[in-house]
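Read the structure below first, then the notes.
The values are calculated or read from the model by the stated rules, or taken from the named source; none is laboratory data. From a predicted model like this one, the values you see are computed outputs, not experimental measurements. Glycine gets a Cβ as well: all are built from the backbone with ideal geometry, and neighbour counts include every protein chain shown. SASA here: full protein model, heavy atoms, side chains in, ligands and nucleic acids out. Shrake-Rupley method; radii C 1.70, N 1.55, O 1.52, S 1.80 Å.
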Amino acid sequence: MASQSRRDAKDEQLDQVRKDPQDTNLTTQQGVKIDHTDDALTAGERGPTLLEDFHTREKITHFDHERIPERVVHARGSGAYGQFQPYSGWLSDYTAARFLTDPQEQTPVFVRFSTVQGSKGSNDTVRDVRGFATKFYTSQGNYDLVGNNMPAFFIQDGIKFPDFVHAVKPEPDTGIPQGASAHDTLWDFVQLQPETMHMMMWLMSDRAIPRSYRMMQGFGVHTFRLVNAEGRGTFVKFHWKPMLGTHSLVWDETQKIAGKNSDYNRQDLWENIANGDYPEWELGVQLVDESREHDFDFDLLDATKIIPEEEVPVQPVGKLTLNRNPDNFFAETEQVAFHTANVVPGIDFTNDPLLQARNFSYLDTQLIRLGGPNFSYLPVNRAISDISTHQRDGFQQNRVHTSKATYHKNSLSGGCPAMADDQDVFRHYQEKVEGAKISKRSESFKDHYSQATLFWNSMAHWEKDHIISAFRFELGKVEHTHIREGVVEHLNHVDHDLAVAVAEGVGVTPPSTAARSNHGKSSPALSQENSVKDTIATRQVAVLVADGVDSGEVEQIKQELTDRGAVPQVLSLRDGSVRASSSGHVQVDARIDTLASVVFDAVVVPGTGESVQNLSADGYSVHFVTEAYKHFKPVAASQEGVAMLQRAGVNGVRHADDSQSVANDHGVITAVSNEGSLPSEFFEEFASTLAGHRVWDRDTSHVPA
Ligand code: HDD
């Protein structure tokens, strides 16, 4: 997919610290060779262990200290390296940042995706915001864009962050729930803090259960500032758009995946990069001239608001490709330290109070998490540009500074490090500010509902259904009735129908009239209905086979899908191979019962009658098809495979027959095979349905799965 080389300046820098045990002997940490590490030194064969056994003590001591505090939020994450490259230089009118404006410059990056609520070992597929943090190792120093997969935030001022996080984290007495927001303390916070409402709409939407890290958008969230070489500022919002489109799982599926493969998103990212299917995102910017600062019906400094793309278009500026997995999870993914205040010339802050608090919090948290002020020299964090400071000493100092003078100004080290005076110098944007000191939220931050309504209005019918179900699920787990009522009351300010639908599901008296009339505006860009739907690249397709299968059909299915970029896997009742209907065998990739339909995007059942009969007799295989159908996935079968669909309860759909060689009824695609060959139209139908990801106009409410 991507042409970029995996080798870059960061990769070369890491070569200096990579350590491979190949051709080495076991030693102590002091470099003394050891020939025994299975038994401690004891006084006699059955006697006590001796204190002088320095190897045993060192080994156990190191082990005792292997853990560091997990991140207070975003503890669970997965990372990868890659590069960013701008398309052209037009953005130089707005920013002096070279990595955004020099199309010749390929900037190495490290990206860490994460969930927010759960611990390091929590499930991947929980309902949660996903972090999307990018460290750009630019030639002008490190720039960190520490964003999420949702463009709004829960709160407006960082002083509320500890309150919010305490509310969403597992409850303090029980430690429950892990990796979930469906509990009383979160919703109690929400009902008393209406500024959360816009973000709660996003959290209850399918954005909170992404199909893959590779298939989600990213947002810088805040309004930042670009500053050009002349010092002129322009407001900016950053967007990442995935080339594979934005796709999500369905709620029932996420809960099952949590059991079948709790590392689902992590594994997906790793395997696709390992297979050379490098995920790509386009970086886009929304630019707002400073003269237009007050032209919006919300405040640009309010992080609970978006700028609708229809009002200010997102202009693509470059591409991010992730093409290298880390070598060591702890050294790289765990020790990477992001900080919103890591900026480079050409990018600056605004007075968004959430951003200002973040600019304090991230450096502070790394000091405890990574044990001192020298974490910026850890391999994954180290800039590729030259680092020369007067900062000295501290825990884990791993540089040997040789200069005598550690102060500015000095004459003893020739005045060095000297003050630069070139285009790589960071100069703070000269914003004029004045005002009395005051602890008060600005009046311009007070509209908490309009954008929640905008989001609701922008959803397709199926997205609305999912949001209602999500509210019902979450509030259904809330024990205190007054909290359920409080949330419904706020929803009645967002949209009356939504409030009624939720209230009816959670046993609360539905409001009789709207608390606020719906403004009727929408932003089509917010709906996943309008996402990219032109590719089936990297989609996982299960091909179910059993003894007696038509090997020609299986080969054809594999070939046609692989040619289009999808990843077929042949599953059967046993490992190894199955007998083909003619002669020979069909190789099996995995046993059906080691996987499940929930980890696939689609399922195909090839002929013949014997194979279909064998599959139909196996409850697990039948359930596999039923469940895929239940979860709105494309389900395909050759004419004889139709029997399997019927056995799986996929009834009432139109099938291919002698009058029509291919049928596609609500994503159930069937074909009449001609001497072991399926018509090309079958694959075209299958591919276009799969490119749409799910078939939302299929009614599966009656399907038991
Ligand atoms: Fe934060 C981690 C994203 C508000 C304080 N945050 C963290 C990570 C992401 C975000 C992606 C994980 C970084 C990684 O992978 O290591 N945070 C956001 C976004 C926010 C936001 C998009 C709002 C727009 N965060 C926010 C506020 C505060 C913090 C208001 C505190 C006042 N965030 C932290 C933190 C973390 C963190 C405690 C935990 C671990 C870390 O920083 O390195 O400092």
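A few comments on the model shown:
- Segment 420-497 - percent of accessible surface contributed by carbon and sulfur, probe 1.4 Å: 47
- Once the Cα gyration tensor of segment 306-400 is diagonalised, semi-axes √(5λ) in Å: 30, 19, 14
- FRET efficiency, 1/(1 + (r/R0)^6) with R0 22 Å, evaluated for Lys533 and Asn275 via beta carbons: 0.45
- Three-way shape label, segment 4-79, alpha-carbon gyration tensor, a/c 1.5: oblate
- The residues of the chain present an accessible area of 44 Å² per residue when probed at 1.4 Å with all protein chains retained.
- For segment 380-457, the share of alpha carbon pairs falling in successive 5 Å distance bins from zero is 3, 9, 11, 12, 11, 9, 7, 10, 10, 8, 6, 3, 1, 0 percent.
- The chain: calculated mean residue ellipticity at 222 nm from DSSP helix runs of at least 4, using -39500 (n - 2.57): -7500 deg cm²/dmol
- Full extension of the chain between Gln613 and Glu311 yields a length gain of 103.0 nm, computed as 0.36 nm times the residue separation minus the alpha carbon distance.
- Placing +1 on the Cβ of every Lys and Arg and -1 on the Cβ of every Asp and Glu, with nothing else charged, gives segment 215-342 a dipole about its Cα centre of roughly 280 debye.
- Label-to-label distance, nm, for residues given as Gln29 and Asp497 (7 Å Cα→Cβ offset): 6.4
- Protection proxy ranking, peptides 229-240, 149-160, average beta carbon neighbours within 10 Å, highest first: 149-160, 229-240
- Radius of gyration and Dmax over the Cα atoms of segment 77-377, both given in Å: 18.7, 56
- Alpha-carbon centroid distance for the pair segment 421-463 / segment 248-271, whole angstrom: 34
- Label-to-label distance, nm, for residues given as Arg6 and Ile368 (7 Å Cα→Cβ offset): 3.8
- Restraint check, Lys260/Lys633; Lys160/Lys630; Lys169/Lys256; Lys464/Lys533; Lys477/Lys533; Lys437/Lys521, Cα-Cα greater than 29 Å: Lys160/Lys630; Lys477/Lys533; Lys437/Lys521
- With one equal scatterer per alpha carbon and no solvent term, the Debye-computed log10 I(q)/I(0) for the chain at 0.07, 0.08, 0.10 1/Å reads -0.57, -0.73, -1.08.
- Here the label points at Val433 and Arg574, each 7 Å from Cα along the C-beta direction, are separated by 7.3 nm in the simple model.
- Histogram of C-alpha separations across segment 456-530, 10 Å bin width, %: 21, 48, 27, 4
- For segment 564-614, the spread of Cα coordinates along the three principal axes comes to 30, 26, 19 Å, biggest extent given first.
- Rounded Å value of the spacing that divides the Cα centres of segment 303-328 and segment 46-111: 21
- Within the same chain, lysines fewer than 8 places from Lys432 are excluded, and of the rest, those with a Cα less than 22 Å from its Cα are Lys237, Lys440.
- Peptides 67-79, 435-447 ordered by average Cβ neighbours within 10 Å, highest first: 67-79, 435-447
- Burial order of peptide ranges 645-654, 408-417 (average beta-carbon count within 10 Å, highest first): 645-654, 408-417
- For segment 77-377, the fraction of 1.4 Å probe accessible surface lying on carbon and sulfur atoms is 52 percent.
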